Amino acid sequence: MDKESSVKNRQQAIPALEPAIFVIFGITGDLAQKRLLPALYHLLKDNLLHEHTEIVGISRKEITPEKLLAGVELCVLEEDNVCDPATLERFRKALRMVQLDPVKKEDYDMLLTTLNGIETAHGMCMNRLYYLAIPPQVYEPVIQNLGVCGLQKGCQHHRAVSRLLVEKPFGYDLTSAEDLIKNTGRYFHEDQVFRIDHYLAKETVQNILFFRKHNPVFASLWDHEHISAIDIEMLERLDVKGRGEFYDNVGALRDVVQNHLMQLLALVTLELPAESADSLTLHKAKQVLLNAVQPIDMRKHAALRAQYVGYREAVGNLHSTTETYVRVRLDIANNRWQGVPITITAGKAMETKRTAITVTFVSADMPRMRNKLTFRLQPNEGIDIELTAKRPGYENKTEIVQMDFSYRGVLGNAEHPDAYERVLVDAVRGDHSLFATSQEILAAWRVLQPALDSWQQSSEDLLTYELGSNGPTT
């Protein structure tokens, strides 16, 4: 399929979007500059946003759109990394900057005036999307000021909607998550809040449910009688360089396990909703599953943590006990998964970069034989199956062979939208399917809270490992 046909297919697949104003708090930060702005440029280039789309950048410091864009690699999502001149000019015209101190209420009156002015200039109401690409500790004052100043009510004529887009982590622990959800609910209804987990927008993640539904050979075996283990891992070669101050207050469990990896666990193990199920039904199924996951049992040493050698010097905290590697063992107390060990592993400064879900199949008649089904999220998104086959020759010897499906190898880049493109499009159209609900967030925290409590009391269990290794030797 050529590139032009691919773009037309994407345009036809996405329902017509309404006029929207993207208000990006933290537009000078890494997330906005490396992910959000390139995604918005690409959506504009492919005409996947309404022609009346505006981008308002919020910054503490005064900065012009020209100076902002001078430091952004805007076209990294293009095959040749070269910007289309017409789209670039359209993007520049759509972008304006507002200098605002997030904790000063009076600055939000100016923001309201700016948004009203944009709608007056366009002669229409426009949906407003407030994207909090800012540190989590600033969420609450921003949300409160948006609410107090009436910015959550939609356009000046109240004929459009306002939506709040929040990046993870969602709280620091169970208590703080409960407080954040409660305080957000004072100003924004649950259906206005979009808690972003961009992993849910990855093509392979979206394919998990489709794969389970439409492949009867696996669907009929998706239980504890045929599956002996499920392993979910997110390993990164990168260390915390450039993110030290943030990471030292978070750690691996909060950074990726509580959100990304617990959501993957839910999708792999939930009871499949009906084919025509809407997002509400999907979230109910995820909620039921997460409620069945048992809290970590620290008496069984079900959570292991470690820190790579040199981390403390890198973050400037010689007494840090923050984990850069974590492995937890979870159990699901329901009929389908009773007794199946679920292992979640996450680590930085590892030998290999790999994010994957591996499902191991076993037969009671042949306990030594194994088949493995792996959903690869990165690198090279795809699915592979490990099978046993006869080796060529006169003797009946076996060997392990793999059947491998790669998205980019089969479909190329054309039908493979960036995760943040999908996040932004779904937020504009109000589709919650790929966003975590408040109850899902709390359920995940309840599962992990015993480990956080235990680690806070003592650091004696903190192991170490070398940079570029496979983690701690245990």
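The values are calculated or read from the model by the stated rules, or taken from the named source; none is laboratory data. Keep in mind it's a predicted model, so treat the numbers as computed, not measured. In this analysis, Cβ positions are derived from the backbone assuming ideal geometry, glycine residues included, and neighbour counts consider all displayed protein chains. Heads up: the accessible areas ignore ligands, DNA and RNA and are worked out on the full protein's heavy atoms, side chains in. Shrake-Rupley method; radii C 1.70, N 1.55, O 1.52, S 1.80 Å.
Quick look at the numbers
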{"quantity": "The range 285-300 residues that are on the phi < 0 side of the Ramachandran plot and open to solvent by 20 Å² or more (accessible area, probe 1.4 Å), paired with ones that are small (G, A, S) and not in a helix (DSSP H, G or I) (beta carbon under 6 Å, 6 or more apart)", "calculated": "Q294/A333"}
{"quantity": "Members of the range 161-175 that are crowded, with 19+ Cβ neighbours inside 10 Å and without any contact (Cβ under 8 Å) to a residue 40 or more places away in the chain", "calculated": "S162, L164, V166"}
{"quantity": "Any helices (runs of 4 or more DSSP H) falling wholly within the range 22-98 and containing at least 1 residues that are open to solvent by 80 Å² or more (accessible area, probe 1.4 Å) and closer than 30 Å to F246 by Cβ", "calculated": "65-70"}
{"quantity": "Single residue of V217, V205 found to be β-branched (V, I, T), surrounded by fewer than 16 Cβ atoms within 10 Å (Cβ to Cβ), out of contact with any Cys (no Cβ under 7 Å at 6 or more places or on another chain) and outside any strand (DSSP E or B)", "calculated": "V217"}
{"quantity": "Members of the range 379-399 that are free of Cβ contacts under 8 Å to residues at least 40 places away in the same chain and either open to solvent by 90 Å² or more (accessible area, probe 1.4 Å) or under 18 Å from M234 (Cβ atoms) (or both)", "calculated": "P379, N380, D384, K390, R391, P392, Y394, E395, N396, K397"}
{"quantity": "Filter result for L238 (in contact with an Asp or Glu (Cβ under 9 Å, 6 or more places away or on another chain) and open to solvent by 10 Å² or more (accessible area, probe 1.4 Å))", "calculated": "no"}
{"quantity": "Subset of the range 127-160 [at pLDDT below 90, open to solvent by 10 Å² or more (accessible area, probe 1.4 Å) and in a loop (DSSP other than H, G, I, E, B)]", "calculated": "P135, Q156, H157, H158, R159, A160"}
{"quantity": "Cβ pairs under 8 Å, 6+ apart, first in the range 329-352 and over 17 Å from A229 (Cβ atoms), second acidic (D, E) and open to solvent by less than 10 Å² (accessible area, probe 1.4 Å)", "calculated": "A346/D255"}
{"quantity": "Pairs, first closer than 17 Å to L267 by Cα in the range 425-440, second surrounded by fewer than 20 Cβ atoms within 10 Å (Cβ to Cβ) and of a type in the set (S, T, Y), C-beta under 9 Å, six or more apart", "calculated": "H432/S279; S433/S279; L434/S279; F435/S279"}
{"quantity": "Which numbered condition E178 misses (of (1) open to solvent by 50 Å² or more (accessible area, probe 1.4 Å); (2) within 22 Å of the chain's Cα centre (by Cα); (3) modelled with pLDDT under 95)", "calculated": "(3)"}
{"quantity": "The range 444-471 residues that are closer than 20 Å to I342 by Cβ and touching a residue at least 60 places away in the same chain (Cβ under 8 Å), paired with ones that are in a loop (DSSP other than H, G, I, E, B) and of a type in the set (F, W, Y) (beta carbon under 9 Å, 6 or more apart)", "calculated": "A444/F170; W445/F170; L452/Y172"}
{"quantity": "Answer residue from the range 307-326, given it is in contact (Cβ under 8 Å) with a residue 60 or more places away in the chain and touching a Ser or Thr at 6+ places or on another chain (Cβ under 6 Å) and is nearest to K353 (Cα to Cα) among those", "calculated": "Y308"}
{"quantity": "Every residue from the range 331-363 that is in a strand (DSSP E or B), farther than 13 Å from I232 by Cβ and touching a Gly at 6+ places or on another chain (Cβ under 7 Å)", "calculated": "M350"}
{"quantity": "Residue, farthest from G154 (Cα to Cα), within the range 102-126, restricted to residues that are open to solvent by less than 40 Å² (accessible area, probe 1.4 Å) and in a loop (DSSP other than H, G, I, E, B)", "calculated": "P102"}
{"quantity": "Residues being part of a loop (DSSP other than H, G, I, E, B) and over 18 Å from H260 (Cα atoms) - total across the range 364-379", "calculated": "6"}
{"quantity": "Number of the exception - V56 against (1) farther than 23 Å from L112 by Cβ; (2) modelled with pLDDT of 90 or more", "calculated": "(1)"}
{"quantity": "Qualifying residue in the range 456-463 (condition: in a helix (DSSP H, G or I), open to solvent by less than 30 Å² (accessible area, probe 1.4 Å) and either hydrophobic (A, V, I, L, M, F, W, C) or closer than 16 Å to Y172 by Cβ (or both))", "calculated": "no"}
